[in-house]
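Worksheet: the structure to be examined is printed underneath.
Derivation of every value follows stated rules applied to the coordinates shown; laboratory data play no part. All of these numbers come straight from a predicted model, not from anything done at the bench. Note that we place each Cβ from the backbone using ideal geometry, even for glycine, and neighbour counts take in every protein chain shown.
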Amino acid sequence: MSLLSRIHEINTSAAPPGTMQTSAGSNKNGRKPQESELKIALQNHLINELKKLPELSDEEQMILIETEAMKFLNDKSDRLTFEGKKELINMVANELIGYGPITTLLNDPDVSEIMVNGPYQIYVEKKGKLVLTDYFFRDDDHVIQIIQKIVSPLGRRIDESSPMVDARLPDGSRVNAIIPPLSLVGPSITIRKFPQNRLQMNDLINFHSLTEDMASFLDACVKARLNIFISGGTGSGKTSLLNVLSSFIPHDERIVTIEDAAELQLLQDHIVSLETRPPNIEGKGAITIRDLVKNSLRMRPDRIIIGEVRGGEALDMLQAMNTGHDGSLATGHSNSPREMLSRLETMVLMAGMDLPIRAIREQIAGAVDIIIQQSRLKDGSRKIVNITEVIGMEGDTIVLQDLFTFNQTGTTSEGKVVGKHAATGIRPYCSEKLEQYGFELPGSLFMGE
């Protein structure tokens, strides 16, 4: 969205100078949140100044805002302290070139998720725990303006005919928005932030998400072109782990990524990123994950990475894995490796093919080599709790064997989960394939205690 368009929005929504805006909020003292006349006057002054210089970059706009705002406040208000003036300037700057009241939260490295439940209730996730903030929007229209600012540059829209949208911020953070009449509490925004500094495997080891032995094994599995499925619940860290595992892919391979909203941040040079497209205003022109999976097979990929499998594309993914596209990576929602297999069966049936269950299970057993179960524990920590190998069929049942597990032994008085990762003592069925790629992992790596 251009600066002039943003200014037009603010002009049409802001109260005229000399009036007071109030909103029925829910702050701790029960009073309604108010916007001061001074803030509105400052905002209108800055809008007029920015109109004169529409070609400024974001950095230059910020310098202009800070300079002009301080001049304005020094002239108009002698009651505010220097800190009060800075706070007011930041608030107005967030309205003009940021994302309103959530700008500060987006810039806070401790915040991993932001949840806007209507204009007057904003929660954040910090260190795995939900916290209610003191921030609020002006009204429903204010929230919708911020949503439009996020989705417009991506060619997406949100309105009564299309009241839900998935998008992303410039830093890759994932955004979901839903507005009335579907949302009864007002416009809702959920933002899943991603670290500014891309996580590496050493970071996960330091966070005790897994051990060095587990990391060595996963490194070998990726480089030996095993098909890996990352399973886990919402917010368990599946995408972050997928990013980390993708760093093991050699730089001389062609990678095609397929996502609803592009989030993956791969470091390789030869990457083609594909993103789904929602239907247009006539309800036509939608491009689904399944469409992109089919198309990717014609793009000569060495690796196919699917951000999340949730429907009929599971059939196309399994067929790709079974027809020479080894080394593929994907994620899906489930609470255990066994449950992930059941969900894959269901998703294959969603493709509309009337296949017998045994045929589906044979496809899964032949395609998937490793399932990594990622979980968010009660204390908010994220850990790999299972690395499980798919070793084939026995009758009508897919046979699994755990190679590494996380065993929880208790919790501390502060609620911190206590436990330990350990190998199960089973040598992987895939050892022969790993050795063909030059990975002779010592038997001690898999020895249980």
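Here is how the numbers come out for the structure above:
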| item | result |
| --- | --- |
| Cut-off 15 Å (backbone N to label point 7 Å along Cα→Cβ of Gln408), residues of the stretch 308-347 | 335-336 |
| Total formal charge among the other residues, if their Cβ is under 12 angstrom from that of Ala224, Lys/Arg +1 and Asp/Glu -1 | -3 |
| 5 angstrom amide H check on Glu113, placed H, neighbours 5+ away | Glu125, Lys193 |
| Label point distance in nm, Ser342-Ser247, each placed 7 Å from Cα along Cα→Cβ | 3.5 |
| Förster radius 51 Å - calculated FRET efficiency between Asp396 and Glu59 (Cβ-Cβ, nearest 0.05) | 0.20 |
| 5 angstrom amide H check on Glu308, placed H, neighbours 5+ away | Asp260, Thr331 |
| Per residue, the convex hull volume that the Cα atoms of the chain enclose (Å³) | 180 |
| Approximate spin-label separation Thr190-Ser161, in nm, with each point projected 7 Å along Cα-to-Cβ | 2.7 |
| Spherically averaged projected area in nm², based on the convex hull that wraps the Cα atoms of the stretch 201-446 | 14.9 |
| Value of [θ]222 nm, deg cm²/dmol, for the chain, DSSP H segments ≥ 4, -39500 (n - 2.57) each, nearest 500 | -10500 deg cm²/dmol |
| Rounded to 5, percent antiparallel among DSSP beta bridges of the chain | 70 |
| Unsatisfied cross-links (Cα-Cα over 31 Å) in the set Lys51/Lys127; Lys52/Lys86; Lys193/Lys378; Lys149/Lys383 | Lys51/Lys127; Lys149/Lys383 |
| Shape category assigned to the stretch 105-194 from the gyration tensor of Cα positions, a/c cut at 1.5 | oblate |
| Gained length - Ser273 relative to Met299, 0.36 nm times residue gap less alpha-carbon distance | 8.2 nm |
| Stretchable slack from Lys76 to Glu435, in nm (0.36 nm times residue separation minus alpha-carbon distance) | 121.7 nm |
